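Following: one structure in structure tokens, then a few remarks.
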């Protein structure tokens, strides 16, 4: 998946600027959409639209959880999944169990990422 999003596309020093943070989140969502569509052929969703502005401005935990679910789902489905799964296996049992619940929730229904709310 790194080929879909060069690390230079993400601004690292956003400080308190929620607009830069939101722009970063929107770039990540765009890459995830492309990954799920092109690599997995997934075109339908049970997930709601992710509000990048709400994450950036308010730290909305339910929106953050949706984003984390999509990232974890991509991590365990991408070409480097072995590496990511091995890292998950190094975590304590409780963390592994929590991540597996999230991963299973993402993998069960077919998903597609709708365009983020601007």
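Answer yes if at least one residue in segment 81-94 is exposed (fewer than 15 other Cβ atoms within 10 Å of the Cβ) and within 15 Å of the chain's Cα centre (by Cα), and no otherwise. Don't jump to the end; show me each part of the working.
Keep residues of segment 81-94 that are exposed (fewer than 15 other Cβ atoms within 10 Å of the Cβ), which gives 81-83, 85-87, 89-94.
Filter once more, keeping what is within 15 Å of the chain's Cα centre (by Cα): 81.
Yes: segment 81-94 contains one or more residues that are exposed (fewer than 15 other Cβ atoms within 10 Å of the Cβ) and within 15 Å of the chain's Cα centre (by Cα).
Restricted to segment 23-58, and to residues that are more than 16 Å from residue 79 (Cβ to Cβ), assigned to a loop (DSSP other than H, G, I, E, B) and out of contact with any helix residue (DSSP H, G or I) (no Cβ under 8 Å at 6 or more places or on another chain), which residue is modelled with the highest pLDDT?
Across segment 23-58, the extreme among qualifying residues is 49.
Anything in segment 34-43 that is closer than 13 Å to residue 71 by Cα and surrounded by fewer than 19 Cβ atoms within 10 Å (Cβ to Cβ)? List them, or say none.
Selection gives 34 alone.
Residue 20: surrounded by 12 or more Cβ atoms within 10 Å (Cβ to Cβ), closer than 18 Å to residue 70 by Cβ and either modelled with pLDDT of 90 or more or out of contact with any strand residue (DSSP E or B) (no Cβ under 6 Å at 6 or more places or on another chain) (or both), yes or no?
Details: surrounded by 12 or more Cβ atoms within 10 Å (Cβ to Cβ): yes; closer than 18 Å to residue 70 by Cβ: no; either modelled with pLDDT of 90 or more or out of contact with any strand residue (DSSP E or B) (no Cβ under 6 Å at 6 or more places or on another chain) (or both): yes.
Taking the combined requirement at face value, the residue does not satisfy it.
The values are calculated or read from the model by the stated rules, or taken from the named source; none is laboratory data. These numbers come from a predicted model, not from an experiment. As a convention, Cβ positions derive from the backbone with ideal geometry for all residues, glycine included, and neighbour counts pool all protein chains shown.
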